[in-house]
Ligand SMILES: CC(=O)Nc1ccn([C@@H]2O[C@H](CO)[C@@H](O)[C@H]2O)c(=O)n1
């Protein structure tokens, strides 16, 4: 049994959109899918591990790469083509992904 993680990292190029609540989901692989709904996680940049906010996990749902649609892209503040390219870079060849929906915790 795995303990639910209490931390999440993002590439720092997404920090501004997360803090502006323009990016309200992240799409991760199985290894990063074990967040507990209702928990609050500390969020840092991937590059230099700089803390920048807390997020409340609202939902974790499986999604196939091939089923990604414009609604996912909208919640990422990207076009669908951009989103697919980003995910393809981070998780090349992975079909089984998870949508993690979150809400910014105002500090
Ligand atoms: C740093 C790290 O460990 N991993 C990831 C994994 C994903 N993402 C972003 O989530 C969305 C869908 O994948 C896109 O916006 C991605 O760029 C991220 O920022 N950091």
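Each reported figure results from applying straightforward, stated rules to the coordinates on display, with no laboratory input. Just so it is clear, the model here is predicted, and its values are computed rather than measured. Because the Cβ atoms are built from the backbone with ideal geometry, glycine has one as well, and the counts that use them run over all protein chains shown.
So the values come out like this:
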quantity: Sole exception among (1) away from the ligand (no atom under 12 Å from the Cβ); (2) closer than 17 Å to residue 103 by Cβ; (3) touching a residue at least 12 places away in the same chain (Cβ under 8 Å) for residue 76, by number; calculated: (1)
quantity: Residue within region 35-44 that is surrounded by fewer than 12 Cβ atoms within 10 Å (Cβ to Cβ) and outside any loop (DSSP other than H, G, I, E, B) present; calculated: no
quantity: Condition check for residue 10: within 16 Å of residue 102 (Cβ to Cβ), within 13 Å of the ligand (Cβ to nearest atom) and in contact with a helix residue (DSSP H, G or I) (Cβ under 7 Å, 6 or more places away or on another chain); calculated: yes
quantity: Test: residue in region 48-60 that is within 13 Å of the ligand (Cβ to nearest atom), part of a helix (DSSP H, G or I) and surrounded by fewer than 14 Cβ atoms within 10 Å (Cβ to Cβ); calculated: no
quantity: Selected residue (only one of 27, 18, 94 is touching a strand residue (DSSP E or B) at 6+ places or on another chain (Cβ under 9 Å), within 13 Å of the ligand (Cβ to nearest atom), touching a residue at least 60 places away in the same chain (Cβ under 8 Å) and not in a strand (DSSP E or B)); calculated: 18
